[in-house]
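The structure under discussion appears below in the form of structure tokens.
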Amino acid sequence: MDPKPATYEPPPLIAPGHSFASVTDKIAAIVLSGRQPMGWFIGVTIGFAITMVLMGALTYLLIKGTGIWGINIPVGWGFAIINFVWWIGIGHAGTLISAILLLLKQGWRTSINRFAEAMTLFAVMCAGVFPLIHTGRPWLAAYWLFPYPSSMSIWPQFRSPLIWDVFAVSTYFTVSLLFWYVGLIPDLATLRDRAKRRSLQIIYGVFALGWRGSVKHWDRYEQAYLLLAGLATPLVLSVHTVVSFDFAIGIVPGWHTTIFPPYFVAGAIYDGFAMVLTLAIPLRWMYGLQDFITLRHLENMAKVTLVTGLIVGYGYLMEAFFGWYSANTYEGFMIWNRMTGPYWPMYWVLVFCNIITPQWLWFRRVRTTPGLLFCVAMVVNIGMWLERFVIVVTSLHRDFLPSAWGMYHGTIWDWATFIGTLGLFVTLFFLFIRVLPMISIFEMRTLVPEAKVQGAEGH
Amino acid sequence: MSASLALAGVGACTKQPPEKIIPYVRQPEDLVPGKPLFFATALPFAGVAAPVLVERHEGRPTKVEGNPQHPASLGATDAFAQADVLTLYDPDRAQTVMYRGEVRGWGDFLTASRSVLAIQKTKQGSGLRFLTETITSPTVGEQLQLLQKDFPRAKWHQWDPITRDAARAAARQSAGHAADAVYHFDQADVVVSLDADFLTVGPGHVRYTKDFSARRRVTDDKKDMNRLYVVESTPTLTGAKADHRLALKGADVEGFARALASALGAGGGAAATTASAESAKWAPAIAKELQASRGKSLVVAGDYQPASVHALAHAMNQTLGNVGTTVTYAPTIEVNPTDQVSSLRDLVQAMDAGQVEVLVIVGGNPLFTAPADFRFQDRLAKVPLAVHHSLYYDETSAYCHWNLPMAHALESWGDARAYDGTVTIVQPLIAPLYEGRTMHELFAAFIDAQNGKSGHDLVKDYWTRAHGGKVAGWTIHDTAGAPFKSADSFWKHVLHDGWIPGTAAADGGGRMTDGGKAGDASANRQPASTIQQPSSAIHQLSSVIPAASGASGGLEIIFRPDPHIWDGRFANNGWLQELPKPITKVTWDPTAWVSPRLAEQRGLNEGDLIELRYRGNAAQLPVVIVPGQPDGSVTVFLGYGRRRTGRVGSAVTGESQAFDVYKLRSSDALWFGDGLEIAKAGGKYVLARTQEHHLMEAPRSLSIVPEWEYNGYKWGMAIDLSSCTGCATCTIACVAENNIPVVGKDEVHKGRDMHWIRVDHYFAGDLENPEMYHQPVPCMQCENAPCELVCPVGATVHSSEGLNDMVYNRCVGTRYCSNNCPYKVRRFNFLLYSDWDTKSLYPLRNPDVTIRSRGVMEKCTYCVQRINAARIESEKQDRRIQDGEVVPACAAACPADAIVFGDLNDPKSRVNTLKAQQREYGLLEELNTRPRTSYLAALRNPNPELESSRGASTTEH
């Protein structure tokens, strides 16, 4: 690679030659032309088929009970909780891109924020399936975990982190949904105006909430959007902090640790960015969006991934260090058991995925080669799933009394449910790119040279 | 014509059976709906009475407790007695009379038998044979005597696969007449066990556990403790309690016994040279100690050792002056003590010779359990008419013409004697659920004088006569020693207490008619033995020594009854199947035990299927590596591999048919023999174990919140690990009390067993000769409970009396409480485990305890239903609940009195006394959970002389 860092000019945020019109045409056409690439049909078909697997698995679960999974005593939580934490974590990148990068005025967020936010919503939906279905009696858990005015004056038990989780996740979903929707309004109006069919005009018109693009509208929009960004920003930190409390509040060695909140948040962003890359790289290729999602975007996301990956690596290191330094028998055994116990392959594959693999991102060649980047992102996705597996399962399977130790293996139903949510995610995502602009049209327009010529500040 | 048509029409309709519900117009005396009644009865096991009280709710027995007044129980039971109530309701029991597979009635059988008996009568019954299990019922004894009057040439054989022939023969030789040795462990300072598992098997083991642990219990004030030496060929729970344990091959125990005897000057001389180096060191040390406690020591020989070892043990006790103090010889409790192997051999020879025309098999399953060399199945086929009276339609039933359902003990009138001779009355708690009849009733059908008499009449008649002095041998008096007022008062008294005072052997009960001197079996005390004895009565002691030494080379095979399935009879009992077996904690399957060294030599891993070849026969078993197993021996367990059993027994399929090790067992090597070859059969067998890790783990109040004050009651429990033998009776008592479901092998294997109290087992020290410890673990009812904090719906909360309550109705099943429980005592209904489909099991359930549904967490409640029952009683009388008034099911059943429960606010309560001991500690106390269940540390009392050598060999665990 050429050693010319001083003169390195990052690739532009939008390829040269675009105008207001070309941007609007290109993005709106994906939705309105009705023509979809073959990849879309294949993707939606596979996604839908796998979603049906999820439906089947859930139906069987409701008929038989959680015993169809591999959970037992001592390992009372398994795939359901692992998947929940994994999905919630993935959601974080979307919020981070749209809210924090907005507040930090990072222009490069513009072309990826829309679908990253959609990813957040769908990931939280997938995550939301699990806390409910993992309970023994979901028909009761569905409302007993909420503080409703029961005639028996029974409230949830507010000391339990699971209750905090209910609030954290539902707040997160609500704010993410509002943020995403508010951001969509100007584009919905664009689609309304460009749609040829009456029915589409009505549908987009209703959701555009009467947007006319007046200065007043823009002013209020900017204020609302900024407020929501401010509201969403602490959520990026708080949601996974609360999720980490599900473990940190427990007394199980390997759970009961103060490093969990920052370590979980970093892990979430790490995994979230990996997932954004996993989605963005095939999308830009499939829809020919290389002009809008440029190598600059990919490189920036790779850098965030690298940094958060290093934080996560630090977390692992500290976990191992304190296992030894605390001189606590159970903590020491816990880390030893992770490394050498029956689940040792999980731990070492996790180290490979989450610590070794992201080191490739130090190289610009890797960061700017979509194929390689995609591979690294995929490995990180797997690694972060394994991390949750290691935390949930290896901590529980051997805790205090050797007589009560056990083993856990996911059953076919565990896998069906997990893969099923992947299907649900894919399906929702493909439906999203079919009916809504996957890149923010009006924000992209601020990036074209025309916007600058007119003396605007961008936004 | 029209009338007949109308009738035909009526007949053709299958009328819905009327289901009337009728309230009590006149309430039966003492019956208050919702309040259980307790009745004293007995559950015969291997012929010997296990005295019990049975809890009955609105006419249905639900729970078995020990009979606290009965000397053989003192309130405790064993696991078999606890599980018997499940057998009662077993839907797979034999339900109807069958003839060649077709349903008949008892009337058909009686008609058929009458014609057959008429023919036999003309031949004086020469073709008539009875085969029973061991019988101690005096009523049946008299019946067999009457039978002999009617059929003078009929013969009676006995076979119990877990036969005590050697003990029988040796006791007869030592005492000069048919006798039983009765031990008094509470008097013994030093106990030497020669392969005797006296804490878990054999007559009297419940009482022996009580006595042994009473003598062993150490308090801060009373520090002396008995010492137990165990020389054994298979690790047992008795061995686990030993202060010194020596693992020897089954055949080497005799050598050790001889060495010890010669060191004591009690004979045994010549063979002392065969003693190993280890036993050479042991024998003098033990002998020295035995000498030092003359009259207060005890040598016990195991039922699985030959008569010669028993004889040596008797001789040693004699020399040590123990006879009369720690061991007494009482006239045998058996109606007709006989060498059962010879008895069965005579029968099969007669069957082979075509001399048996009518064979009546009463109880047992000889086709499955007979020694392989008897080829019972082939020979049974030669019998023109075979009748099987049995609780189940089993392997033997399938080869018999008539199958007669036997009534369960809880449906029966009967009698049996306890280990010490006390006659214990069996009274029914419920009318027979099916068409079962008792053994008494069956024999009555063959006897002219008794024809048609009910079981009640037979038993009552016999004992009323015995009370009136009309049956020889009984001196009946009330507990104070005075005679009863009347026959009526006697009978009422007996039914109330469940046993007849004055009938214990020590009281002279069942004395021999000739004054207790005769050594000849035919002149034995009880009337029954006048039925002609099989010709080959008792072997000379020398010939009882296993002849297996001929087939030398290879390994030694050791046969043992399965600890919970016994000889195979409990195969269909889910509670016993799922009860983790001692030491290995395997459920649902038999295993072959090998030592770690043998496993290493042969490259065996746990769960490997091995083929065992012995004397031309083969069986397969999965291997378990058991530290403490002698290197040259493989122990196998009888009872599995059943071919015909119910839905539970056949739940484990696959290779299980090959698990039948009766196929390897021959009449001359019933318990051990050399010449076993083992080879890997290929493949692994999945074993469902509730505990995989058996090594010991290496590892006070901190609160900023003010302590909660318990002003009322404050419940707590203490468990003495020095007393606990690990017998798991607590577990099964808890299953019975708390409606705990059976989940099956697959679920146990997944780690979903539901037992609320488990018995953990640990090895410590050298794995060649480890120490073993047991620890029952119920819910600790932590004061600072980690489970309560994390439940999102508040389904587990602390009660005002300190209990950690589980609110089933509120539980949504997040399982967080279980994850956060450091003791892992919580149990989750992952699936619908409670059996809602089997109607016959409905009446089994304890109405005071909720049946849990799917998706709900459950755990030990300290038997809160019992606390509340006591509370109601105490509030009615306007007083506090007194100490000892609430006894949880586990504590009630415990034969070692290891579990004590009570009110911590009562300074004088037993539990407070125990908790004040220095050895008290809380499990994982360092987590600041502040457990309410605490333990008293296990103590050992090693002999310093042997300990020094042992310490050197102790290695890192």
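By the gyration tensor of its Cα atoms, with a ≥ b ≥ c the square roots of the eigenvalues, what is the shape of the protein assembly as shown: rounded for a/c under 1.5, prolate for a/b over b/c, or oblate?
Since a/c reaches 1.5 and a/b is larger than b/c, the shape of the protein assembly as shown is classed as prolate.
Using 7 Å Cα-to-Cβ label points, what is the A:TRP336/B:LEU939 separation (nm, one decimal)?
3.3
Any chance you could give the angle, 0 to 90 degrees and rounded to 10, that helix A:20-32 forms with the longest Cα principal axis of chain A?
60
Order of A:250-261, A:34-45 by packing, highest average Cβ count within 10 Å first?
Listed from highest to lowest mean packing, they are A:250-261, A:34-45.
Antiparallel DSSP bridges in the protein assembly as shown: what percent, to the nearest 5?
DSSP beta bridges in the protein assembly as shown are roughly 60 percent antiparallel.
Using a 10 Å cut-off on Cβ atoms, rank the peptides B:618-625, B:223-230 from the highest mean neighbour count down.
B:618-625, B:223-230
Under 18 Å from the 7 Å Cα→Cβ point of A:PHE363, by amide nitrogen: which residues of the stretch A:307-330?
Counting only backbone N, you get A:307.
Please say if the stretch B:723-785 is rounded, prolate or oblate, where rounded means a/c under 1.5 for a ≥ b ≥ c the square roots of the C-alpha gyration tensor eigenvalues, and otherwise the choice is prolate for a/b larger than b/c and oblate otherwise?
prolate
Please give the average number of partner chain Cβ atoms lying within 10 Å of the Cβ of each residue in B:822-834, rounded to a whole number.
Mean number of neighbouring Cβ atoms from other chains: 5.
Evaluate the relative contact order of the stretch B:548-689 (contact order divided by residue number), counting alpha-carbon pairs under 8 angstrom at least 6 apart; express in whole percent.
The value is 39 percent.
Report, by chain and number, residues whose modeled amide H sits under 5 Å from the one on B:ASP415, excluding near sequence neighbours (fewer than 5 apart, same chain).
Those lying under 5 Å, H to H, from B:ASP415 are B:VAL426.
Once R0 is set to 56 Å, what does the formula 1/(1 + (r/R0)^6) return for the Cβ-Cβ distance between A:LEU317 and B:ARG375, expressed as a FRET efficiency to the nearest 0.05?
0.20
Can you tell me the FRET efficiency between A:LEU62 and B:ALA449 if r is taken as the Cβ-Cβ distance and R0 is 45 Å, rounded to the nearest 0.05?
The value I calculate is 0.10.
Cα axis of helix A:412-435 to longest principal axis of chain A: angle in degrees, 0 to 90, nearest 10?
10
Given a cut-off of 19 Å, name the pairs among A:LYS64/B:LYS824; B:LYS241/B:LYS281; B:LYS684/B:LYS745; B:LYS460/B:LYS492; B:LYS210/B:LYS915 whose C-alpha atoms lie farther apart than that in the structure shown.
Correct reply: A:LYS64/B:LYS824; B:LYS241/B:LYS281; B:LYS210/B:LYS915.
Could you work out how far apart the two model spin labels at B:GLU885 and B:TRP708 are, taking each label as a point 7 Å from the Cα in the direction of the beta carbon, and quote it in nm?
Result for the modelled spin labels: 2.3 nm.
How much length is gained on full extension from B:ALA506 to B:SER650, taking 0.36 nm per residue of separation minus their Cα-Cα distance?
47.4 nm
For A:LYS196, give me every one of the lysines with a C-alpha distance below 27 angstrom, ignoring sequence neighbours fewer than eight places off in its own chain.
The reachable lysines, counting only those whose Cα sits under 27 Å from A:LYS196, are A:LYS26.
With axes computed from alpha carbons, what is the tilt in degrees of helix A:215-248 against the longest principal axis of chain A, rounded to the nearest 10 within 0 to 90?
Rounded to the nearest ten degrees, it is 10.
Report the extension gain between B:LYS684 and B:LYS223 in nm, rounded to one decimal, defined as 0.36 nm multiplied by the number of residues separating them, less their alpha carbon distance.
161.1 nm
Only sites in a loop by DSSP and with at most 13 other Cβ atoms within 10 Å count here; which trypsin sites (Lys or Arg not before Pro) in the stretch B:568-649 make the cut?
Within the stretch B:568-649, the qualifying trypsin sites (Lys or Arg not before Pro) (loop, at most 13 other Cβ atoms within 10 Å) are B:ARG647.
So for the pair A:TYR143, A:ARG159, with labels modelled 7 Å out along Cα→Cβ, what separation do we get in nm?
Each label point lies 7 Å from its Cα, and together they span 2.8 nm.
Sorting check: for B:554-562, B:400-408, which peptide has the highest mean count of neighbouring beta carbons within 10 Å, and how do the rest follow?
Those peptides, ordered most packed to least, come out B:400-408, B:554-562.
Would you tell me the mean number of C-beta atoms belonging to other protein chains that fall within 10 Å of each C-beta in A:75-85, as a whole number?
3
Please list the non-local residues whose amide H lies under 5 Å from the amide H of B:HIS388, H modeled 1.01 Å from N, same-chain partners needing a gap of 5 or more.
Close amide H contacts, sequence-distant or interchain: B:ILE361, B:TRP402, B:ASN403, B:LEU404.
Taking 8 Å as the Cα distance limit and 6 or more residues as the minimum spacing, I'd like the relative contact order of chain A as a percentage.
Over chain A, the number comes to 32 percent.
Partner chain Cβ atoms within 10 Å, averaged over the residues of B:748-755 - can you pull that number for me?
The per-residue average across the peptide is 4.
For the stretch B:305-454, what proportion of DSSP beta bridges, expressed in % and rounded to the nearest 5, is antiparallel?
25
By its C-alpha gyration tensor, with a ≥ b ≥ c as the square roots of the eigenvalues, how is the stretch B:715-936 shaped: rounded for a/c under 1.5, else prolate for a/b larger than b/c, else oblate?
Rounded, because the longest to shortest axis ratio a/c is under 1.5.
Let's test the formula: R0 of 25 Å, r as the Cβ-Cβ distance of B:ASP457 and B:GLN95. What FRET efficiency results, to the nearest 0.05?
0.55
Quick note: the coordinates plus some simple rules give every number you see, no bench work behind them. Every value quoted in this text rests on a predicted model; they were computed, and no experiment measured them. Cβ atoms come from the backbone with ideal geometry, glycine included; neighbour counts cover every protein chain shown.
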